[in-house]
Amino acid sequence: MNIYVLLKRTFDTEERITISGGRINEDGAEFIINPYDEYAVEEAIQVRDEHGGEVTVVTVGGEDAEKQLRTALAMGADKAVLINIEDDLDVTDQYTTAKIIATYLGDKEPDLILAGNVAIDNGTGQVGPRVADLLGIPYITTITDLKIDGDKVTVVKDVEGDEETIETTLPLLVTAQQGLNEPRYPSLPGIMKAKKKPLDELELDDLDLDEDDVEAKTKTIEVFLPPAKSAGKVLEGELDDQVKELVSLLHNEAKVI
Amino acid sequence: MSKSVEQVVKGGSFLIDEIRPEQVYTPEDFTEEHEMIAKTTEEYVENEVLPVIEKLENHEFDHSVRLLKKAGELGLLGTDVPEEYGGFGLDKITSALIAEKMARAGGFSISHGAHVGIGSLPIVLFGNEEQKKKYLPKLATGELLAAYALTEPGSGSDALGAKTTAKLNADGTHYILNGEKQWITNAGFADVFVVYAKIDGEKFTAFIVEREYPGVSVGAEEKKMGIKSSSTRTLILEDAQVPVENVLGEIGKGHKIAFNILNIGRYKLGVGAVGGAKSAFEITVKYANERKQFHTPISSFNLTKEKLATLASEIYAAESAVYRTVGLFEEKMKQLTEEEQKDGKEIAAAIAEYAIECSLNKFFNTEVLDHVVDEGVQIHGGYGFMEEYEIERAYRDSRINRIFEGTNEINRLLVPGTFVRKAFKGELPLLEKAQSLQEEIMMLMPEEPGDEPLAQEKYLVRNAKKVALMSAGLALQKYGQELDKEQEILVNFADIVSHIYAMESVVLRTEKAIERDGLENSKQKLLYTEIFCQEAFNRIESDAKETIVAVADGDNLRMMLSALRKLTRHNPINVIAKKREAAATIIEKEKYVV
């Protein structure tokens, strides 16, 4: 089976976000594989171990993302591809990334593509579905279970806490929700082997893409942090008065009703 | 291609030579694989060990066995075992990093360390082909677990005073061992023990003893102050029958194995102490940021900042020194031919070359750890005294580190002893240096270090070395062969040398980092270096003064004190301001950062 995983390098979940000069500060920050993508990598490895084939991990980014790809290889993926856009593009969005990945995958005839449900940084959850759309294959988001039997695929999808079971066929793109599996951490033998696994680097030129072809469709106007949480208010007095005061505060101060 | 021998830094030579940054290994030199292995270890500790730490602390050691086997599956037991025996044969940096990251698991890290280190390494380094084939593949996976049995009720620091005996049986097939080995880590579940006994009450020899051999048993679980999540019992040998082929190394040469394993155990403790210190530090900073008094997080108080910055600069020193030392082993081993690299005795010798550095790391780093956990509890206030807080366990777990693998006192005494031996064997030109220094001191002109980064610190390191040589030379002149009775002076010397090694390690690491990443990206390192060097130098000055006053008198005393004043003359930096600055970053990042 020809399996692809879309992977993004993101901020470590423990990093504190700071902004300087209208941009998120990356100095000294730790980076990881987007946690949802980790589920995707794990699932891909499990599918391969059961059904055979090969797992290729793909990312769009800069040189620094090699580390996350190498980690995926150490977990057990077979190959990695870094589509390096560092020198070509300054501004990108989900359209850019999806277009690049779909172009790359165009002639690869993937049977199964796995991605994370969302990336924990921008949190749009768009790249997976967009890639599937560009490739003209079905997709199912936020899956918590995946069973493959020949061409038939049975998927359990998380629907806001409920479950929906869907049957479909390969080729297919799915995005992983928490609970799909328990991602392994790379073992020492895995880490040693990862050194020798192929990690290819491509640029837009290699995909016959121009910068114009993948120009972002969106524009970032402003980047700002959420307002600092202010201290709560404890209402006092008779219960009736408290309710009245609460309603008036919701009306006039918070302006939510 | 091996490099020329001149390029390898000799053990102890740092005291007389000027070392360049490119000659030292630093944590900034870790490879991507190193970092991935470190991360795997961290995740293993966090996801597998910490969730059951309470059970481990309550002596439910079936979890220890399960966890060690799991570590084996991940490859965390096989780094020092050569590939041909089922391990990975990785560099010493890797096993050091694993030891560092394991440390957060407290007593369990001692179980791990005892298995991979003092338990398995005697066989890795000194086993014969059959022994290696038989034991190592299973030790690398955790199918067999190992322990090390040297200490006895009557022989601790005096290891060679062991009373356990071995006698060849009439058929010549087995040695019959009798005696008791005390405080044996992993004894509750270990399958294999490396045991020292005297054949015919004389020839100190190592044996591989399996738990299942007739006559082998263990005592009750000890009730300890700390590292409760490690099993500690007495190993009882009552006419224990050990096959003759299980003699490890040469008969009568057990001390060679014991001393070499001690060197390794010492630097490994130094690494573990760094890991423990970092983890206790992180817990403490987080707490200091959360805990409010007078409506203010206590991390905002300058006194808390002072503590945090002091501790972080000490951790920086400990970390820099120990990885520099491990780097020395690596360089030395690269000199070995392929043939020699397979010979454990050569590897042990490469490490033994740096016996001084091993001892320095052992006592300096374990005392840094003790300082960190002590102030960690203090910053936690009353909560730090409560069992629910992790710092309470860290505090208790830390204490043993100053005692085992040779007490810190023994390790201090080893430093001057080894220097003197190296000098008399002609390995280090210490006496010549001391001589030429005497002439130099007579016409010493005060030197003005420049104001570029690290200029002052380099100057302090250079002069600290002169102070060490001067005070040691003075003591040697006065006491000669009798110097070994002047333990206070010996320990002063060891402390001076230890501070020099640590100061030089931070200076060189920071210098290397500045060259590579630029000054702007090395600010925190520079602050730690400035803080640490100033405070270490103050201690050196005070130790040297104490020694000189004890040794010299009359005109000589006046002359020597004047020389010391010249050598220690410098413009002290504003440590308080530097600490506030360093603390700001620590508080923001909520952990030890460089």
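Annotations for the structure displayed:
- Rg/Rh ratio calculated on Cα atoms of region A:52-115 (Kirkwood radius): 0.97
- With 30 Å² as the minimum drop in accessible area between chain alone and full protein complex (1.4 Å probe), the qualifying residues in region B:569-591 are B:588, B:589.
- Computed with a 1.4 Å probe on the full set of protein chains, the accessible area for residue B:185 sits at about 30 Å².
- Threshold 40 Å² - residues in region B:22-36 whose accessible area is reduced by that much or more when the chain is no longer isolated, probe 1.4 Å: B:32, B:33, B:36
- Cα pair distances of the protein assembly as shown binned at 10 Å [whole percent]: 2, 11, 18, 21, 20, 14, 8, 4, 1, 0, 0
- Charge tally around residue B:551: other residues with Cβ under 9 Å, Lys/Arg +1 each, Asp/Glu -1 each, net -1.
- Between region A:1-70 and region B:49-117, the alpha-carbon center distance in angstrom: 28 Å
- The accessible area of residue A:48, taken with all protein chains in place and a 1.4 Å probe, comes to roughly 40 Å².
- Relative to the dominant Cα principal axis of chain B, helix B:455-479 is inclined by about 70°.
- Note on chain B: helix-only mean residue ellipticity at 222 nm, from DSSP H runs of 4+ residues weighted -39500 (n - 2.57) and normalised by residue number, equals -18500 deg cm²/dmol.
- Peptide A:179-188 has a mean shielding of 5, counted as Cβ atoms of other protein chains within 10 Å of each residue's Cβ.
- Backbone N under 13 Å from the residue A:246 label point (7 Å along Cα→Cβ), restricted to region A:216-238: A:233-238
- Accessible-area composition of the protein assembly as shown, carbon plus sulfur, in percent [1.4 Å probe]: 49 percent
- Figure note: A:200, A:78, A:27 ranked by solvent-accessible area, largest first, 1.4 Å probe, ligands and nucleic acids not counted: A:27, A:200, A:78.
- Between 0 and 90°, nearest 10: helix B:62-74 axis offset from chain B longest Cα axis: 70 degrees
- Low-density loop cleavage sites - chymotrypsin sites (Phe, Trp or Tyr not before Pro) in region B:277-382, where at most 15 other Cβ are within 10 Å (DSSP): B:294, B:301
- Anisotropy class of region A:2-214 from Cα gyration tensor, a/c 1.5 cut: rounded
- Using just its DSSP H runs of length 4 or more, each adding -39500 (n - 2.57), chain A gives a mean residue ellipticity at 222 nm of -8000 deg cm²/dmol after division by all residues.
- Normalised alpha carbon radius of gyration of region B:408-500 [divisor 2.2 N^0.38 Å]: 1.18
- In order along region A:148-153, phi translates into HN-Hα couplings of 10, 9, x, 8, 7, 10 Hz, rounded to whole numbers, per the Karplus curve 6.51 cos²θ - 1.76 cosθ + 1.60 with θ = phi - 60° and x for Gly and Pro.
- HN-Hα J in Hz across region A:157-171 - Karplus 6.51, -1.76, 1.60, θ = phi - 60°, x for Gly and Pro: 10, 7, 10, 6, x, 8, 10, 10, 9, 10, 10, 8, 10, 7, x
- Label separation (residue A:253 vs residue B:334): 6.7 nm, computed from points 7 Å beyond Cα along the C-beta direction.
- Nearest 10 degrees, 0 to 90: helix B:302-334 Cα axis against chain B principal axis: 60 degrees
- Heavy-atom surface of the protein assembly as shown, accessible at 1.4 Å and reported per residue (Å²): 46 Å²
- DSSP-assigned coil residues among GluC sites (Glu not before Pro) in region B:1-99, each with at most 15 further Cβ atoms within 10 Å: B:18, B:60
- Calculated P(r) of region B:334-380 - Cα pairs past 14 Å, %: 65 percent
- A straight line joining the Cα centroids of region B:136-179 and region B:523-545 runs 44 Å.
- Kirkwood estimate for region B:1-140, i.e. one over the average of 1/r between Cα atoms, Å: 16.9 Å
- Treating r as the C-beta distance of residue B:54 and residue B:163 and R0 as 41 Å, the FRET efficiency rounds to 0.60.
- Near residue A:140, the amide H atoms lying under 5 Å from its own belong to A:173, A:174, A:175; only residues 5 or more places off or on other chains count, and H is placed 1.01 Å from N.
- Fraction of alpha-carbon pairs over 48 Å apart in chain B - percent: 12 percent
- Taking 18 Å as the cut-off, the amide N atoms of region B:143-181 that come nearer than this to a point 7 Å along the Cα-to-beta-carbon line of residue B:255 belong to B:150-152, B:155-166.
- In plain terms, if you count all Cα to Cα distances in region B:463-594 and split them into 5 Å steps from zero, the share in each step is 2, 10, 17, 17, 16, 11, 9, 8, 6, 3, 1 percent.
- With DNA, RNA and ligands ignored, accessible area of residue B:70 (1.4 Å probe; Å², nearest 10): 60 Å²
The values are calculated or read from the model by the stated rules, or taken from the named source; none is laboratory data. In this text the structure is predicted, and so the values were computed from the model without any measurement. Cβ coordinates were reconstructed from backbone atoms using ideal geometry, including for glycine residues, and neighbour counts include every protein chain displayed. These accessible areas exclude ligands, DNA and RNA; they are computed on the full protein's heavy atoms, side chains included. Shrake-Rupley method; radii C 1.70, N 1.55, O 1.52, S 1.80 Å.
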